[in-house]
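Student: The structure under discussion is supplied below as structure tokens; questions concerning it will follow.
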Amino acid sequence: MRPDDLDLLSACGRPSLTPDGSVAVTTVTRPDLATDTYVGALWRVPTDGSPASRLTNGPRDSAPAVSPDGRRVAFLRGTEDGPAQLHVVALDGGEPLRLTDGAAHPLGAGAPAWSPDGSRLAYVARVPEPGRYGTAADDGREPKPGEEPARLVRELKYRIDDLGYTRDRRQHLFVVDAPPSDAAPGDDLPSLPVVPRQLTDGDQDDLHPAWSPDGQRLLFRSARHATRETDLRGGLHVVPAAGGDVRPVTDAPTLDVGPATWLPDGRLVFVGTELGEEALDFVGRPSRLHVSTKPLGDGVLEEYLAVTDRDEDLEVGTPADLVVVDGRVVVRDQHRGTVRLISVDPGSELPDHEVLLSGDVVVAGHAVAGSRVVVSAATALRRADLAVVEEGEPRWLTEVASRLSPRPLREHVVDTGPDSQVHGWVVLPDPDRFDGPHPVLLCIHGGPYSQYDVAVFDEAQVYAGAGYAVAMCNPRGSAGYGYDHGRAVKDALGSVDADDVLAFLDSVLAEPSLPLDRDRVGVMGGSYGGYMTATLTTRTDRFVGAVVERGYLDGTSFVGSSDIGWFFPGQYSGDAEAIREQSPMTHVDRVVTPTLVIHSEADWRCPVEQGQRWFAALKLRGVGTELLLFPGEGHELSRSGRPRHRRQRFEEILRWWGRHLPV
């Protein structure tokens, strides 16, 4: 893969199924270098293997939801000059109807959810404060961004990366009436766009609406408790679908409650994460599936059980779309560099789960209807395609990125102790194009509670396509390997995780079957991977070069500058002295490795000052260094930034390695 091949990274999104399971609707999206945007359209995919057909023409269509009668598809459509709005189209094609517009939702609408009878749609939308984000103030004026009034900040939670300020544009629940599917010419139809009904308000975000089986109530997640400004938890709430008072459903002082839905008998099933006594200890804690012991009544749920917490092999927060079928809950589960699909019995007193799809696959989304289980999934040779799950295996329905020719993965496992392993992969260049031994790039993932997986990874493919062998692993602190593995770096960031990364590299370099240039190795990573890259260069001069991207480099200044700074360093490192000692910036005077620093100017997760200070410290000491800054980008540049910026990033990285680690 080359930087210009970003256009080939087409992928299927989460599927939605007709009630009989015969047809799936999905979004196929890709970066488009010509327009410097992401384009997407809806596709109609028969699950019997018949040819797929385009349902909409985009340019930016997403979030399809098939109606309960199987005749309509609700979806979001963004335009060149406006955010996404809610639309409906017939499953057999035709002109989409736009249900919402900028008058109701100047910042756009969120993903739709059909009511059980198909008459209404629920969704979330941001409600801007008058006079901000291009809306008129109370006096009728529309001030430009620089003319807006000052923001008075009183709480730590006031902004988030890749969005910006949040408290002046909170997310709330809305409901709109849907046009009937059986309308005939001449019938009276609702005036379009439809005027939505706002169900919630207040200074908090309301998320993940789920209809009750009778269509009378909506369940949602929100942080409305008294200590919401100083902890990380949220709870479940319910509101009448016709409008009315919001009331709490859960009140667990140490549990962060995520997406939820109803079981057929009226009980609730939801994802929850224990956060410790102060509801701040999120480090390495996997999400678990919970179920209430009784149907939801008029009060707060008093009893619920964690039905997966005794099986440390299950980590269901990836994120956890909850699909209920025949009383069982189908969810995704992170597992040793894969994401598998499992079915859980929420009524069992013991962990009772069935693995529906596993192996070298990463399930990104799923839907179940009738006897059909359909997934959007990636493998080492597929970016993300739709498949029907049959007898534990995928029967592929699409090949949306067939023009890609990815290099295969070679699995590699290192035993580092009696009960400790480091698991990862090596990607080698095409031997028909590049003679070995190959220079090596050690790539380190972000997080740290995330994982490299077996899916096609554009980073590894671009570097292998340029002639580099890529080594990547999941050290302690990563997700997918059990509770102890994820919690191992609590109060000890940059300790056993650094040991694991180096042990993996040493083992890979010692493998005689791999054609590697063992004396020419570079190291690189972003976010926590940038932290680890910088940390390693403070401890060794073995690398011929480094790329520190969007790095977490000084926990002390991070506390006041990052959107998550008020809790992240303290939870991962400990007290102020531990934060200082575990920060690469404290030890920057030891670095002699030439380093390319990459950062985005609008990064609020790892603010740009982190990279600027690392660059300046190296420059002042005479270490060869360069600083590459991307305007208008946030922390997600490498994954979802502007396509041309993503291409330029690859070109600059390859230029750097061409200078310091030539092929």
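Student: Between ALA90 and THR293, what's the calculated FRET efficiency when r is the beta-carbon distance and R0 is 35 Å? Round to 0.05. Don't skip to the answer; put the middle values down first.
Tutor: Working: r = 43 Å, r/R0 = 1.22.
After rounding, the FRET efficiency stands at 0.25.
Student: Let me ask something additional. Take the range 119-209, drop everything but the C-alpha atoms, weight them equally and run the Debye formula without solvent; then report log10 I(q)/I(0) at 0.18 Å⁻¹ to two decimals.
Tutor: With one equal scatterer per Cα and no solvent, log10 I(q)/I(0) is -0.93.
Student: Quick one: 3J(HN,Hα) in Hz for the range 23-40, Karplus 6.51/-1.76/1.60 with θ = phi - 60°, rounded, Gly and Pro as x.
Tutor: Along the range 23-40, the couplings run 9, 10, 10, 9, 9, 10, 10, 7, x, 10, 5, 5, 9, 6, 9, 9, 10, x Hz.
Student: Please report, for the Cα atoms of the range 452-581, the Rg to one decimal and the Dmax as a whole number; what are they, in angstrom?
Tutor: Taking only Cα atoms of the range 452-581, I get Rg and Dmax of 15.8, 48 Å.
Student: Please identify every one of the GluC sites (Glu not before Pro) in the range 586-663 that sits in a loop by DSSP and has no more than 16 other beta carbons within 10 Å of its own beta carbon.
Tutor: Counting only loop positions with at most 16 other Cβ atoms within 10 Å, the GluC sites (Glu not before Pro) in the range 586-663 are GLU601, GLU636.
Student: Roughly what % of Cα-Cα distances in the range 409-660 sit above 29 Å, to the whole percent? Let's see the in-between values first.
Tutor: Details: 7792 of 31626 pairs.
That fraction is 25 percent.
Student: Each residue of the range 69-76 in order: what ³J(HN,Hα) in whole Hz does its phi give by Karplus 6.51 cos²θ - 1.76 cosθ + 1.60, θ = phi - 60°, with x for Gly and Pro?
Tutor: Per-residue couplings from phi come out as 8, x, 10, 10, 10, 8, 7, 9 Hz.
Student: Here is a follow-up. Expressed in whole Å with the largest first, what are the equivalent ellipsoid semi-axes of the range 1-154 derived from the C-alpha gyration tensor as the square root of 5 times each eigenvalue?
Tutor: Numbers: eigenvalues 218, 97, 29 Å².
In descending order, the three semi-axes are 33, 22, 12 Å.
Student: Which of the peptides 75-86, 538-549 is most tightly packed, and how do the rest follow, going by the mean number of other Cβ atoms within 10 Å of each residue? Before the final figure, lay out each step's value.
Tutor: Working: 75-86: 18.5, 538-549: 20.1.
Highest-to-lowest ranking by the protection proxy: 538-549, 75-86.
Student: Taking N as the number of residues in the chain, what is its alpha-carbon radius of gyration divided by 2.2 N^0.38 Å?
Tutor: In units of the 2.2 N^0.38 Å rule of thumb, it is 0.96.
Student: Rounded if a/c is under 1.5, else prolate if a/b beats b/c, else oblate: with a ≥ b ≥ c from the C-alpha gyration tensor eigenvalues square-rooted, which is the range 332-463?
Tutor: It comes out oblate by the Cα gyration axes.
Student: In addition: Taking only the alpha-carbon atoms of the range 553-663, what semi-axes of the equivalent ellipsoid follow from 5 times the gyration tensor eigenvalues under a square root, in whole Å, largest first?
Tutor: 25, 20, 10
Student: Another question, if that's okay. Determine the sum of side-chain charges near LEU620: Lys and Arg each +1, Asp and Glu each -1, restricted to other residues whose C-beta is under 11 angstrom from that of LEU620.
Tutor: +2
Student: Also, quick follow-up: So which trypsin sites (Lys or Arg not before Pro) in the range 339-418 end up in coil per DSSP with only 11 or fewer other C-beta atoms within 10 Å?
Tutor: ARG403
Student: What is the sum of charges around MET1, taking Lys and Arg as +1, Asp and Glu as -1, for the other residues whose C-beta is under 10 Å from the C-beta of MET1?
Tutor: My count for the surroundings of MET1 gives -2.
Student: Can you grab the distance from the C-alpha centre of the range 200-279 to the C-alpha centre of the range 71-118, Å, no decimals?
Tutor: 25 Å
Student: Give, as ranges by residue number, the residues of the range 449-490 whose backbone N falls under 20 Å from the point 7 Å along Cα→Cβ of VAL663.
Tutor: Counting backbone N atoms under 20 Å from the label point, the list is 456-472.
Student: How far apart, in nm, are the 7 Å Cα→Cβ label points at SER561 and ASP138?
Tutor: 3.7 nm
Student: Could you compute the net charge surrounding GLU549? Neighbours are other residues with a C-beta less than 13 Å from the C-beta of GLU549; K and R count +1, D and E count -1.
Tutor: Values: positive: ARG550, ARG605, ARG639, ARG646, ARG649; negative: GLU459, ASP603, GLU626, GLU633, GLU636, GLU652.
Here the count lands on -1.
Student: Full-extension gain between GLU303 and ILE160, please, as 0.36 nm times their residue separation minus the C-alpha to C-alpha distance. Walk me through the numbers before you get to the answer.
Tutor: Working: separation 143, 0.36 × 143 = 51.48 nm, distance 3.34 nm.
So the chain would gain 48.1 nm between GLU303 and ILE160.
Student: Just report the Cα centroid separation between the range 510-524 and the range 597-616, whole Å.
Tutor: About 30 Å separates the Cα centre of the range 510-524 from the one of the range 597-616.
Student: The range 263-396: percent of C-alpha pairs farther apart than 27 Å?
Tutor: Above the 27 Å cut-off, the range 263-396 has 23 percent of its Cα pairs.
Each reported figure results from applying straightforward, stated rules to the coordinates on display, with no laboratory input. What you see is a predicted model, and the numbers here were worked out from it, not measured in a lab. Using ideal geometry, Cβ is built from the backbone for each residue, glycine included, and neighbour counts are taken over all protein chains shown.
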